[in-house]
Structure formats: C-alpha cells, structure tokens
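Each reported figure results from applying straightforward, stated rules to the coordinates on display, with no laboratory input. Values in this document were obtained by computation on a predicted structure and should not be read as measured data. No Cβ is skipped: glycine too gets one built from the backbone with ideal geometry, and neighbour counts run over all protein chains shown.
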Amino acid sequence: MNFVVKNTTKVGLLDLICPHTCRGCGQLGDVLCECCKKNLIHERQVICPLCKSVLAGNDKNDKVVRCLDCELPFEAVFVGGWKEGLLGDMVKEYKYQAVRKMGDCLAEVLDVAIGDIAVEEEITLIPLPTIGKHIRARGFDHTQDLVKRLAERRGWRWEKGLVRRNSSVQVGADTKSRQKQAREAYMMAKEVDANGVYMLVDDIWTTGASMMAAAEVLRKAGGKRIMAAVVATGRAKDPDEK
C-alpha cells in the first residue's frame, strides 16, 4: 500500500513542478497539443487486429467494423492504431509510468475509432481486468481508468463485469502460452443481460488471446452481442507475437 501512495504522490508533484510537454512537438502545456492530436487521429486506419490487415483508410464515414476473413467472436472490433511511434509511446507512458493525463488522449483516440455506431440499445463498456500486483505497482488500474474516460466521453455506462481468477503474466509468453493462460484468467463478477450490448476494452491487442477468452466467458454467461475495442495492436512482425 505504501508503494501505491508514493507512486501516485510522485506523479502529482511532478505534474505541478514540471508541466507536461507535447509528446509530438515538444510544446509546453499538455501531453499532446491539439495540432499533434489531430495529426494522430487523421492517420487512423481501420485495422483487423488478428490478421493485421488494413480494412479501410481514415475516412470517418467508413463503416467497416470487422474483418470478414477472420473468425472473431465479436459483432464489431475497433482499433485506435498501430502500437508504434507516437501512439505506442503514449500507451507505454500511460501504462507503465502512470502519466494519467495521457488517458484523456487515449480515450479520445478510442472514441474516434469507434465513431458512430448504429446500435439502438445502450452499450455497456467492460474493461479487461488488470492483475492486482500491476495495479499496486503502477498506482492505478490503467484499463479501468481508460474505460471511465471513454464512458464519460460517449455517455455510456461501464461496469467491472469481469474479474481475474489468477495472476498469470502474459508479457513475453508465446501464443500458445497466452491462449492457455487467458482461458483460465477470467470469470464474471455480475449477472449478464442477455439483451444487452457489451464492449470489451483493453489497451493492447497482441495475440488477442485475452480479448477472445473474455468474450467466451461473457458469452457463456449469456451475453449475445459483444464488441471489442483496443487502443493499439502490434503488427505481424511484433516480437511479442510468436
């Protein structure tokens, strides 16, 4: 507990003493200036996180929401961009260095990626749960924080629908190990509305094992309409994807 207090206090003090600078151009004031933010969002592509295909360009009117060549257990999949360059660095700072201000920018990236959805029912956002020791080390649950920000932007509800059954760590594991760990990782914490629309949210899609395992748990609990959204995905050559 002491580590968490020290970590969060340190971040708060640094924000006061050392104001943020834009990670794109270095301008003083915020983690990403409006100009660099527009450039980042403008470069957005519609990506299949499984086969890594680019399905469409950055036209905000594109309605492509899933790859027809891949068998995914989702009604729609939304990806903010590639886990590289500016976006990749932003995710790392937010996740590992507790730069919480970055959460607003990443939530906006996801918001734009999701765009206009032709769904009449209310959508419920569900964060993929973070391992407890990572929350303690970082001082906050970055995925839950991201979901809160996204829910506020879109006026949607969110809930901690999933909880961890174990504390297995997937970083550095190969695909088969990730899939095995993911199948044993989650359980439902709340009753599922069979008529509801759910969107699972995570920061990174590496092999997709975690997201698809979470979808399977949600579906077995009665969920019928399930979507997915991630901030970024690695390319096929990503060394983590073995």
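Overview of values
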read-out: Amide hydrogen neighbours beyond the local backbone of LEU125, cut-off 5 Å, H modeled; value: ARG157, TRP158, GLU159, MET199
read-out: Flagged links, alpha-carbon separation over 19 Å, of LYS37/LYS92; LYS37/LYS83; LYS95/LYS133; LYS38/LYS148; value: LYS38/LYS148
read-out: Spacing of the two label points (7 Å from each Cα toward its C-beta) at ALA221 and ARG157, in nm; value: 1.4 nm
read-out: Net lengthening on full extension, GLU34/ARG164 (0.36 nm per residue, minus Cα-Cα); value: 43.1 nm
read-out: Hz values of 3J(HN,Hα) by residue in segment 37-54 - Karplus curve (6.51, -1.76, 1.60), Gly and Pro given as x; value: 5, 5, 5, 4, 5, 5, 7, 4, 10, 8, 10, 8, x, 8, 8, 6, 7, 8
read-out: Pair GLU43, ALA189: separation of 7 Å Cα→Cβ label points (nm); value: 3.5 nm
read-out: THR21 paired with VAL54, simple spin-label distance in nm, labels 7 Å along Cα-to-beta-carbon; value: 3.1 nm
read-out: Placed amide H near THR21: partners under 5 Å, 5+ positions off or other chain; value: GLY29
